[in-house]
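Undergrad: Dumping the structure here so I can ask a few things about it.
The values are calculated or read from the model by the stated rules, or taken from the named source; none is laboratory data. These numbers come from a predicted model, not from an experiment. All Cβ positions, even for glycine, are placed from backbone atoms using ideal geometry, and neighbour counts span all protein chains on display. Accessible surface areas use protein heavy atoms only, side chains included; no ligands, DNA or RNA. Shrake-Rupley method; radii C 1.70, N 1.55, O 1.52, S 1.80 Å.
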Amino acid sequence: MGGAVGQVASRKVDEQRCALVSRLRSRTGFVNAVDVVELTMAGCMIDKCTLSVRDGDRILLRMPGLRYLPARVLWIDEGRAGLAFEEHLYEPVLEHMLKSFKVRCLC
């Protein structure tokens with residue numbers, strides 16, 4: 001592939017490779033595998049969210065090696081969602097997650 005088409009395809013591969021596979025639990029108890037594609041101490045952006053959640057809903061997110069983290073849904077758009085953690089991640093935990101799983105940081 002060449003030109004702009006090749007760049008778009010390459011970017012999509014990079015996004016998939018950098019996603020942190022996690023579990024999202026809705027208020028009704030249903031669980032969905034999601035990809036954390038951006039991560040900060042205050043929250044994250046997830047992709048592949050197929051649960052029926054709305055802006056303002058309280059959910060639980062479990063990333064590898066961590067307990068379920070309570071969070072609130074800030075926005076939803078075409079399978080992606082922005083989440084705000086109820087308690088910020090500790091900086092060493094964020095650094096470990098970013099190094100171990102190559103998630104994009106929006107610090």
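Undergrad: Across segment 57-66, in residue order, what do the Karplus-derived ³J(HN,Hα) couplings come to in whole Hz, using 6.51 cos²θ - 1.76 cosθ + 1.60 with θ = phi - 60° and x for Gly and Pro?
TA: Listing the rounded values in order: 5, 8, 10, 10, 10, 10, 9, x, x, 10 Hz.
Undergrad: Follow-up question, since we're still on this one. Are there any trypsin sites (Lys or Arg not before Pro) in segment 42-90 that are in a DSSP loop and have at most 12 other Cβ atoms within 10 Å? List them by number.
TA: Sparse-neighbourhood loop trypsin sites (Lys or Arg not before Pro): R54, R67.
Undergrad: Ordering T28, T50, T40 by accessible area with a probe of 1.4 Å, largest first, what comes out?
TA: These residues rank, largest area first, as T50, T28, T40.
Undergrad: Ordered by residue, what ³J(HN,Hα) values in Hz, to whole numbers, does segment 78-89 give under the Karplus form 6.51 cos²θ - 1.76 cosθ + 1.60, where θ = phi - 60° and Gly and Pro are x?
TA: Result, ordered by residue: 6, x, 9, 8, x, 10, 10, 5, 5, 10, 4, 5 Hz.
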